[in-house]
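Here's the structure we're looking at; comments come further down.
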Amino acid sequence: MFRSLASRNYRLWFIGAIISNIGGWMQATTQDWVVLTELTHNNAAAVGTTMALQFGPQLLLVPVTGAVIDRFDRRRVLLVTQTALMLLAVGLGLLLLGGHAQLWHLYGFALAFGVASAFDAPARQTFVSDLVSGPNASNAVALNAASFNVARLIGPAVAGGLIVLVGSGWVFLINAFTFLALIGALLAMRERELIRHARRPREGNALVQGFRYVAGRSDVVVVMTIVFIVGAFCMNFPIFASTMAVMFGEGAGEYGILSSILAIGSLTAALLAARRSRARLRVVVLSTGALGLAMVAAALMPTYGTFAASLVFIGFCTVTLLTTANGYVQTTTDPAVRGRVMALYTAILMGGTLIGAPVIGWVADAAGPRWALGAGAFAAFVALAVGVGWLVVARGLRVTRMPQQPWRFGLALAASAEAIAEGDRVAPPATGSIRAVDDEADPEAFSDQVAMTSPIPLPKLPGGRAEAAERAERADGAARAEPAGQDEPAGRAEPADAPPRR
């Protein structure tokens, strides 16, 4: 599970990222609470606007960010972005401590944070491939998500307590110091151990190249579509948690606890993802449907305690979806354009907030936070329909009858989605030939469950009483012919528990 930590550079990165992410979650929690309760009177739309300003630049600046990350040294890009984010945290903290902060100040700082993060987020994701070799890349991506969610488990709860004890301004200053951990880790890395990837010569517009590459990969298009819908309408947790906390009559401390409880499920999902050998597209689709069900359940919870418990499942489904989608895109993308593709991925994930957060905030103000959760659940089911529809049209997903048990049914694909995603050319299946959804054509993934749900053709052996007698004589040298009046069946099939033919 932790095999990527064998690399010294990745260990430094992992430790620095946890500390920096804790501070980042402290700041995010405090910022949304300040907008909701200190600068407005429980205005969820203002929180949505702040989120849109913070995450919108990731979508608008994608023509620039992807080209910068592919063209320049990612370690140096991160040193610049982390320093800029640290200085912004100091400035906002001093403004709050001086008592001069107004709502438009928060909007301005949120926009500045968004511009810096537009370069920082894709650089952090693609920098992992500079630290860890190919076989461990998926594990490193999952461990990155685990460190992110460990921070999410700690940061919001600490922020809620600090808001009550020392005030919101100090939280931003404390966050500024946490940036030093990641900056120090970047400076301490051994440059000779960094993995250098070949840079593709510049041929025209970098953005066009990135879009052209993605457009040629229908599986990546579907993943990004699902991620956009979920990121825009389902991942507005500050709005969901803060408005539900206010509805239940709770304060800043309880709001911070909600975000930390959400991280319990998120961390569990990230650690499970680290155990998988590779990211699979089917997990993205299934976890999208599970997220919709979890959000419906959360919207129906009657008390603060039951709502907090439901957030564990929301966190688990969300991180399962995002970690798998991230790993799938990274590990199946050409390294020469990976920066542009991941910049586009990050822009779609975060930039969707520009559209979704104001809408969800408006729904929370107009109809209540429960309906806001319901709107997020509806969006998740739409994303699920997109994924299933692509599997049906492009991969031939269909319901098939089990060969040995005609009363049972299963799902099967006409070809392996992962093989095609990795660039393999899979020959069209013969008539009646299908491949089970769980059969990914790698031996370690084959299981008894696959054997039970995969249609396995069983050839018939030549029949006839004379041939059967000859086979028996050759086998044991004894003429044990069947009674003359008893005919043998015309053909034989292998027993149901025979080993499957691969």
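Quick look at the numbers
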quantity: Filtered residue count, segment 284-324, keeping only those that are farther than 15 Å from Ser259 by Cβ and aliphatic (A, V, I, L, M); calculated: 15
quantity: Candidates Val164, Val141 - the one that is within 22 Å of Val35 (Cα to Cα) and in contact (Cβ under 8 Å) with a residue 40 or more places away in the chain; calculated: Val164
quantity: The one condition in (1) surrounded by fewer than 16 Cβ atoms within 10 Å (Cβ to Cβ); (2) under 19 Å from Val90 (Cα atoms); (3) not hydrophobic (A, V, I, L, M, F, W, C) that Gly169 fails to fulfil; calculated: (1)
quantity: Which listed residue is crowded, with 24+ Cβ neighbours inside 10 Å and of a type in the set (S, T, N, Q), from Thr331, Thr306, Thr318, Thr268; calculated: Thr318
quantity: Residue list for segment 271-289, restricted to those being modelled with pLDDT of 90 or more and open to solvent by 40 Å² or more (accessible area, probe 1.4 Å); calculated: Leu286
quantity: Residue match in segment 36-45 (condition: part of a helix (DSSP H, G or I), crowded, with 24+ Cβ neighbours inside 10 Å and touching a helix residue (DSSP H, G or I) at 6+ places or on another chain (Cβ under 6 Å)); calculated: yes
quantity: Count of residues meeting criterion [among the β-branched types (Val, Ile, Thr) and open to solvent by 10 Å² or more (accessible area, probe 1.4 Å)] in segment 334-351; calculated: 1
quantity: Yes/no for Ala412 being among the hydrophobic types (A, V, I, L, M, F, W, C), modelled with pLDDT of 80 or more, on the phi < 0 side of the Ramachandran plot and open to solvent by less than 10 Å² (accessible area, probe 1.4 Å); calculated: no
quantity: Exclusive hit being free of Cβ contacts under 8 Å to residues at least 60 places away in the same chain and within 20 Å of Gly210 (Cβ to Cβ), set Val80, Val62, Val115; calculated: Val115
quantity: Residue in segment 248-257 that is open to solvent by 10 Å² or more (accessible area, probe 1.4 Å), of a type in the set (Gly, Ala, Ser) and free of Cβ contacts under 8 Å to residues at least 60 places away in the same chain present; calculated: yes
quantity: Filtered residues of segment 139-151 (kept if open to solvent by 10 Å² or more (accessible area, probe 1.4 Å) and either over 12 Å from the mean Cα position of the chain (by Cα) or at pLDDT 75 or above (or both)); calculated: Asn144, Phe148, Val150
quantity: Residue pairs meeting the criteria (Cβ under 8 Å; at least 6 apart or on separate chains; first over 13 Å from Ile239 (Cα atoms) and small (Gly, Ala, Ser), in segment 355-382; second part of a helix (DSSP H, G or I) and open to solvent by 70 Å² or more (accessible area, probe 1.4 Å)); calculated: Ala377/Leu293
quantity: Every residue from segment 53-98 that is more than 28 Å from the chain's Cα centre (by Cα) and not in a helix (DSSP H, G or I); calculated: Gly98
quantity: Given (1) assigned to a helix (DSSP H, G or I); (2) open to solvent by less than 40 Å² (accessible area, probe 1.4 Å), number of the condition Ala101 does not satisfy; calculated: (1)
quantity: Candidate set from segment 6-33 (those that are more than 21 Å from the chain's Cα centre (by Cα), aliphatic (A, V, I, L, M) and within 15 Å of Val128 (Cβ to Cβ)); member that is least open to solvent (accessible area, probe 1.4 Å); calculated: Leu12
quantity: Per-region count, segment 325-339, residues of a type in the set (D, E, K, R) and over 18 Å from Asn144 (Cα atoms); calculated: 1
quantity: Condition met for Val227 (open to solvent by less than 20 Å² (accessible area, probe 1.4 Å), assigned to a helix (DSSP H, G or I), in contact with a helix residue (DSSP H, G or I) (Cβ under 9 Å, 6 or more places away or on another chain) and not charged (D, E, K, R)); calculated: yes
quantity: Count of residues meeting criterion [in a helix (DSSP H, G or I) and either modelled with pLDDT under 70 or buried (at least 16 other Cβ atoms within 10 Å of the Cβ) (or both)] in segment 172-216; calculated: 20
quantity: Output for segment 104-114, where each listed residue is among the aliphatic types (A, V, I, L, M) and either surrounded by fewer than 20 Cβ atoms within 10 Å (Cβ to Cβ) or at pLDDT 95 or above (or both); calculated: Leu111, Ala112
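The values are calculated or read from the model by the stated rules, or taken from the named source; none is laboratory data. Bear in mind the structure is a predicted one, so any value in this text is a computation, not a measurement. Every residue, glycine as well, gets a Cβ built from its backbone with ideal geometry; the counts of neighbours run over all protein chains shown. Accessible surface areas use protein heavy atoms only, side chains included; no ligands, DNA or RNA. Shrake-Rupley method; radii C 1.70, N 1.55, O 1.52, S 1.80 Å.
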